[in-house]
Amino acid sequence: MAQQSRTLQNRVLPTGDIVAIPARGTLTGNRGVLHRADKTLGTARWKHHAWIICALDYKGWQRQVMTPNRWTELFFLDEAVALAAGHRPCALCRRAAYVAYRDAWGGGRGPVKAPEMDAALHAARIRPGTRDQRRHTARLGGLPDGTMVLWADAPALILGDSLRPWTPEGYRPALARPTGDAIVLTPKPTLDVLRAGYAPLLHPSVHTSVHPGAQPGSTCGEKGTLGAIT
């Protein structure tokens with residue numbers, strides 16, 4: 001009998017957890033070298049503050065996942081998930097998205113540098129002295145499209161007048177956006193970027209099973225490449 005391949009611990013959830021599940025994603029990224037020679041994660045969840053979101057396909061480059069002493073490939077269902085986990089677009093393989101994110105961050109005050117954004121994001125995404133995600137509470141009605149929240153103790157995406165429950169495989173049928181407060185997973189600096197008009201690349205499932213009256217989902221101008229994740 002052929003040996004089954006092992007599912008690696010490299011899928012990132014909106015809650016920031018890195019887990020081993022067979023679900024595929026539309027984007028990859030990294031936080032430095034987090035894995036050991038046996039392709040398991042060590043205790044560290046980052047090695048630098050430049051947490052980036054990368055395209056699955058760029059100039060035909062090929063990588064062996066979790067190559068020793070090379071950065072650890074992490075995978076996300078889509079960009080809303082990656083942003084909630086505290087990442088921002090890569091300036092190389094997702095240049096257009098990076099420029100759009102950077103310009104939205106600057107708010108018309110001129111471009112900011114990547115290290116400045118990375119430092120602010122790190123302070124906003126991690127509780128001091130821990131590896132835990134930093135969260136806050138906000139009114140659902142005031143959150144921009146692309147925000148990830150906890151609703152009924154599970155992650156969900158804000159989009160138009162709808163709330164779309166998240167699963168590792170895609171989004172479930174949309175619900176009317178509730179009123180009241182919710183726990184917000186997306187870091188505050190990225191919320192400001194979303195309010196300024198940055199539109200994250202969303203999983204195709206977001207366009208299906210909408211509730212009556214919901215607005216169509218939006219994506220940024222880039223086209224994601226679905227690929228096998230090992």
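The values are calculated or read from the model by the stated rules, or taken from the named source; none is laboratory data. Keep in mind that this is a model prediction, so the values were computed, not measured. As a convention, Cβ positions derive from the backbone with ideal geometry for all residues, glycine included, and neighbour counts pool all protein chains shown. Surface accessibility is based on the protein's heavy atoms, side chains included, excluding ligands, DNA and RNA. Shrake-Rupley method; radii C 1.70, N 1.55, O 1.52, S 1.80 Å.
Once the Cα atoms are used to define both axes, helix 114-125 deviates from the longest principal axis of the chain by about 70 degrees. Once you reduce the range 87-153 and the range 10-79 to the center of their Cα atoms, the two points are 18 Å from each other.
Between D161 and D132, what's the calculated FRET efficiency when r is the beta-carbon distance and R0 is 41 Å? Round to 0.05.
Efficiency computed from Cβ-Cβ geometry: 0.85.
Over the residues of the chain, the helix contribution to mean residue ellipticity at 222 nm works out to -5000 deg cm²/dmol, using -39500 (n - 2.57) for each DSSP H run of at least 4.
Here the label points at A44 and L92, each 7 Å from Cα along the C-beta direction, are separated by 1.8 nm in the simple model. Along the charge dipole of the chain, which of G146, G129, T179 sits closest to the positive end, that is, farthest toward it, with unit charges on the beta carbon of Lys, Arg, Asp and Glu (+1, +1, -1, -1)? Sorting the options by dipole projection puts first G129. Among G86, G29, G141, the largest mean-square fluctuation in a Gaussian network model of the chain (Cα springs under 10 Å) belongs to G141. Pairs of Cα atoms nearer than 8 Å and 6+ residues apart set the relative contact order; for the range 49-148 it is 29 percent. Ligands, DNA and RNA left out, the accessible area of the chain computed with a 1.4 Å probe is 54% carbon and sulfur. Phi-derived couplings, Karplus 6.51 cos²θ - 1.76 cosθ + 1.60 at θ = phi - 60°, listed residue by residue for the range 145-162: 4, x, 6, 9, 10, 9, 10, 6, 6, 9, x, 8, 9, 8, 8, x, 9, 10 Hz, with x used for Gly and Pro.
Principal axis extents of the C-alpha atoms in the chain (largest first, rounded to whole Å): 50, 47, 37. Taking R0 as 25 Å, what's the FRET efficiency between R139 and R172 from their Cβ-Cβ distance, rounded to 0.05? Calculated value: 0.60. Close amide-amide hydrogen proximity is noted between Y171 and S205, V206, each under 5 Å apart and 5 or more residues distant or on a separate chain (H modeled in the peptide plane; Pro and chain starts excluded). Remark: accessible surface ordering of T67, T190 (largest first) is T67, T190, probe radius 1.4 Å.
The Cα atoms of the range 113-162 give a gyration tensor whose axes a ≥ b ≥ c have a/c of 1.5 or more with a/b no greater than b/c, which makes the shape oblate.
So what is the accessible area of the range 1-84 per residue, in Å², with the probe set to 1.4 Å?
Here the per-residue accessible area is 51 Å².
Structural descriptor for the chain: relative contact order 22 percent, calculated from alpha carbon pairs under 8 angstrom and at least 6 residues apart. Work out how much length L150 to A196 would gain on full extension: take 0.36 nm times their residue separation and subtract the Cα-Cα distance, in nm to one decimal. This chain segment gains 14.3 nm when fully extended.
With 17 Å as the cut-off, how large is the P(r) tail for the range 3-89, expressed as percent of Cα-Cα pairs?
For the range 3-89, the fraction of Cα-Cα distances above 17 Å is 44 percent.
Largest first, the residues S205, S5 sort by 1.4 Å accessible area into S5, S205. With both labels modelled 7 Å from their Cα along Cα-to-Cβ, the V65 to I21 distance reads 1.5 nm.
Percent of C-alpha pairs per 10 Å bin in the range 55-174, short distances first: 10, 34, 39, 16, 1. Test of understanding: extend the Cα→C-beta vector of E116 to 7 Å, then name every residue of the range 182-200 with backbone N under 11 Å from that spot. The answer is none, because no backbone nitrogen lies closer than 11 Å to the label point.
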